[in-house]
Amino acid sequence: MRRINIDNAEPGIVLGKTIYGSNYEILLRRGVVLTKTHINQLKNRGFIRIYIDDEETADIVLEDPISEKIRIMSTKDIFKTYKVTQSAITNIEADTTESIIKYINTPKIKKSFQESQAFKQLCNDINYFLDEIMNQDILSGLNSIKSFDNYTYEHSVDTAIIATVIAKRLHLGKEKLMQIAIGEFLHDIGKIFVDEKIINKPGKLTAEEFELVKQHTTYGYELLKDIQKIGTVSAHIPYQHHERQDGTGYPRGLKGTNRLDTMGVAYAEHEKMIMIAEIAALADVYDACSSDRPYRPGLSPDVVYEVIKGGAGSQFNKELVDCFLNVVPKYPVGFEVRIKNGMYKDFTGIVSSLNAHQLSKPKVKLLCDPKKKKIDPIEIDLSSQSTPIEMECVC
């Protein structure tokens, strides 16, 4: 199996992963032979990348961090929780940050959210999500298929996967993992209180519009802060996931220490970021930058990897970044890559498997020569090369 850009899809190829619609109905099942009509319909719905099965990559196995069943269950839980909450605020008359916060804290909104069957189901189902995450030590890749319509919900699941795997690597207990997962599932729920036209604006936001968007962190915190069932930590993930180590983030300009918290949860000083929110900030940026959006295509994973690495110390907790780089690969399985040096310079192929001890040096199955002509597959192991091989992902 491999990932391709929808623009490179041709009639006759076999779909490698089931594709779901905006309401999580099945659009196309895995194994269907794509027609020109199928491809055009996917493009019109905002799908930019898909997975395909072919003979050349039949031996490449994409190991999803969670099963398709649990992914769909989790995504539907988030989707339903958003929709129930949105339906409760259809007649909101508040138009300032202060009035919206006051409105969020009314018994009507609090009750409609906390007592909704959707939110209760989300809290109950989190255990199934965590049971599968507990088996993961590294992420071979995040293999969700995001469209423009389902981005928010898929993004919430993917950030929860990244954050909980990192937290597991840091030996946090299951209770904290649960709080992290719930907080990540709902880290952007404050956006429902911001004008949808601004949230989905295809072009660059004005300074005024960006100030409105920034308030989603506070709105999310206000919505979750009083729910004893999920704990205060969960509420601080929406609140702090856009804060930065150097204090230039929002909404409060909190700072970090660039060290892992020995207590494993929070810093003693109230003006500091809590470590769990620092994990959330990492996960949010990684998945957001990797994902296709209406206003720009997603960056390739190797570029995002370098963005995270380059942000250590200023944007992200430096010691936490070191942990992240041991969990998330620079070149995920199933991605197309181009060799940049050596005897195979400009050959292209697919990442076929990872080396758990050297994530940045996977095995690659070369399929095309520099002129893009197909060749008999050649597998190279980057971890065993006497001369380091450089490569880049091909979007």
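The values are calculated or read from the model by the stated rules, or taken from the named source; none is laboratory data. Note that the coordinates shown come from a computational prediction; the quantities given were computed from them, not determined experimentally. In this analysis, Cβ positions are derived from the backbone assuming ideal geometry, glycine residues included, and neighbour counts consider all displayed protein chains.
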Review point. Is region 167-176 home to any residue that is surrounded by fewer than 18 Cβ atoms within 10 Å (Cβ to Cβ), assigned to a helix (DSSP H, G or I), outside the structural domain of L359 (by TED's automatic domain parsing) and not basic (K, R)?
Key: yes
TODO: Evaluate the following for K318: is it charged (D, E, K, R) and touching a residue at least 60 places away in the same chain (Cβ under 8 Å)?
DONE: yes
Within region 115-140, the residues that are part of a loop (DSSP other than H, G, I, E, B) and surrounded by fewer than 21 Cβ atoms within 10 Å (Cβ to Cβ) are E115, S116, M134, N135, Q136, D137, I138
Cβ pairs under 9 Å, 6+ apart or interchain, first in region 41-57 and closer than 19 Å to S144 by Cβ, second acidic (D, E) and in a helix (DSSP H, G or I), ordered by first then second residue, are K43/D7; I48/D7
Picked from region 141-159 (must be of a type in the set (V, I, T) and assigned to a helix (DSSP H, G or I)), the residue farthest from L28 (Cα to Cα) is T159
Restricted to region 322-340 and to residues being of a type in the set (A, V, I, L, M) and surrounded by 20 or more Cβ atoms within 10 Å (Cβ to Cβ), the residue farthest from G253 (Cα to Cα) is I339
All conditions in (1) under 27 Å from K330 (Cα atoms); (2) modelled with pLDDT under 90 are true of D131 except (2)
Point to revise | Test result for L42, surrounded by 20 or more Cβ atoms within 10 Å (Cβ to Cβ), at pLDDT 95 or above and within 24 Å of the chain's Cα centre (by Cα) | key: no
Per the filter on region 317-374, residues in contact with a Cys (Cβ under 6 Å, 6 or more places away or on another chain) and assigned to a loop (DSSP other than H, G, I, E, B) are F335
Within region 285-298, the count of residues that are without any contact (Cβ under 8 Å) to a residue 40 or more places away in the chain and buried (at least 17 other Cβ atoms within 10 Å of the Cβ) comes to 2
Does T81 satisfy the condition of being farther than 18 Å from R2 by Cα and at pLDDT 95 or above? yes
Here the residues within region 1-30 that are exposed (fewer than 11 other Cβ atoms within 10 Å of the Cβ) and of a type in the set (G, A, S) are G12
Filtering region 299-317 for residues that are within 24 Å of Y239 (Cβ to Cβ), surrounded by fewer than 17 Cβ atoms within 10 Å (Cβ to Cβ) and of a type outside the set (G, A, S) leaves a count of 1
query: Residue check: is K340 of a type outside the set (S, T, Y), touching an Asp or Glu at 6+ places or on another chain (Cβ under 6 Å) and not assigned by TED's automatic domain parsing to the domain that holds Q240?
result: yes
Picked from region 85-100 (must be modelled with pLDDT of 90 or more and farther than 30 Å from F129 by Cβ), the residue surrounded by the most Cβ atoms within 10 Å (Cβ to Cβ) is I100
* Asked: In region 76-84, is there at least one residue being surrounded by fewer than 17 Cβ atoms within 10 Å (Cβ to Cβ) and either farther than 26 Å from H187 by Cβ or not aliphatic (A, V, I, L, M) (or both)?
  -> yes
